[in-house]
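Student: One structure is given below, represented as structure tokens, and several questions about it will come after.
The values are calculated or read from the model by the stated rules, or taken from the named source; none is laboratory data. What you see is a predicted model; the values in this text were computed from it and never measured. With ideal geometry, Cβ positions are generated from the backbone for all residues, glycine too; neighbour counts draw on all protein chains shown.
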Amino acid sequence: MDFVPCGDLHRIAKSRKNREDEARFYVAETILALNAIHMENYIYRDLKPENLLLDLDGHIRLTDLGLSKQVSSLTDLNFSQCGTAQIMAPEILRGKGYDFMVDYYNLGTLAYELFAGKAPVLTSTDRMFIEGEDPEFGKMSDDLKDFIRSLLEIKPKERLGAERGLKEIISHPWLTGIDFNKLNQKKLSPPFGYDPNAIKYSQEAFAGVNIEILSAQHKSEDNYLPGFSFYGFGSSLVLLDEELIDPQSEMTIKSEKIDVNEREEVKLETYPDGDATTGEAESQKSLDKKPTKGFKLFQNFLRRWKATKKK
């Protein structure tokens, strides 16, 4: 990946008020990124401003593919509960299977956050969008309101894009002013530009620890953790304060929150053998399995890490 030194869209949304045309530009570029991923039969599953970095020209780079998954068909059912808790699509939480439409739902949460500077307020159970609890929604144009409502539809089959995919989404009135052919060729100017000379290296940004020694201290005899999409801990990691899967399953995880900065992120997959793609029968078969050795190692490592943090 190229060096992308200009921060992410989350930082911009927090530091200043984006105009609608600025938010529209970044949403449009994100649609092109999703199109590229979906054409390769990947679903992304964690679309948010933090994962959209800006290059020196001001164009976005979609990063952090740790929760992405390649599928044989975009309509295959997947059952892993993963993503960012605050903006997780409702069908992921239902546990009855979901497909690529979860990315369209998060396109709606992205559009909202780029304009409002914060994630939309959603009900905890069915993930319905609560319009009345945020005055920022009233400041949006009617087209943007409709765009967000249509993407945050809790029923995937009624969501914007359900019939014709991204072609349907870019035909929405809020996006009709964007020439996607020129945008794809980077012939449209981004809202912000950056001076390369303003980017400075800071020695203090790096810990004075030998990375090889640090790695050896945490090395286990089995470095592979089945069912998990990461191999370490970040300060934004959080485990949900609720059971993630069937309470009768031995794979149920229940944990307190770990250190979290601004957003609750669930970077784990609850099924040890990956997503079931052939229906609920395969999902149940996966649930019936006992915890693997790698999973137990992860639990022990988590306990040691939390004990270290308390010291």
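Student: Search segment 187-202 for residues that are under 24 Å from residue 30 (Cβ atoms) and pair each with any residue that is modelled with pLDDT of 75 or more and surrounded by fewer than 10 Cβ atoms within 10 Å (Cβ to Cβ) when their beta-carbon atoms are under 9 Å apart and the residues are at least 6 apart or on different chains.
Tutor: So the pair list comes out as 187/181.
Student: OK, next. Limited to segment 12-54, what total is found for residues that are among the acidic types (Asp, Glu) and in contact with a strand residue (DSSP E or B) (Cβ under 6 Å, 6 or more places away or on another chain)? Break it down stepwise before answering.
Tutor: First, pick out the residues of segment 12-54 that are among the acidic types (Asp, Glu): 20-22, 29, 40, 46, 50.
Of the ones still in play, those that are also in contact with a strand residue (DSSP E or B) (Cβ under 6 Å, 6 or more places away or on another chain) are 29, 46, 50.
Residues flagged as among the acidic types (Asp, Glu) and in contact with a strand residue (DSSP E or B) (Cβ under 6 Å, 6 or more places away or on another chain) within segment 12-54 amount to 3.
Student: I've got another one for you. Among the residues of segment 137-184, write down those that are in a loop (DSSP other than H, G, I, E, B) and over 21 Å from the mean Cα position of the chain (by Cα).
Tutor: Initial filter on segment 137-184 (in a loop (DSSP other than H, G, I, E, B)): 140-141, 152-155, 159-165, 171-172, 176-179.
Of everything in segment 137-184, those that are in a loop (DSSP other than H, G, I, E, B) and over 21 Å from the mean Cα position of the chain (by Cα) turn out to be 140, 141, 163, 164, 171, 172, 176, 177, 178, 179.
Student: Can I ask one more? Of the conditions (1) surrounded by fewer than 18 Cβ atoms within 10 Å (Cβ to Cβ); (2) more than 20 Å from residue 158 (Cβ to Cβ); (3) among the basic types (Lys, Arg), residue 96 satisfies every one except a single condition; which number is it?
Tutor: (2)
Each row is one residue, and each column tells you yes or no for (1) assigned to a helix (DSSP H, G or I); (2) assigned by TED's automatic domain parsing to the domain that holds residue 155; (3) more than 22 Å from residue 3 (Cβ to Cβ).
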| position | (1), (2), (3) |
| --- | --- |
| 30 | yes, yes, no |
| 34 | yes, yes, yes |
| 50 | yes, yes, no |
| 76 | no, yes, yes |
| 113 | yes, yes, yes |
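Student: For segment 120-149, how many residues are buried (at least 20 other Cβ atoms within 10 Å of the Cβ) and in contact (Cβ under 8 Å) with a residue 60 or more places away in the chain?
Tutor: Going through segment 120-149 one residue at a time, the tally reaches 1.
Student: Also, quick follow-up: Identify the single condition in (1) within 28 Å of the chain's Cα centre (by Cα); (2) at pLDDT below 95 that residue 201 does not satisfy, given that it satisfies every other one.
Tutor: (1)
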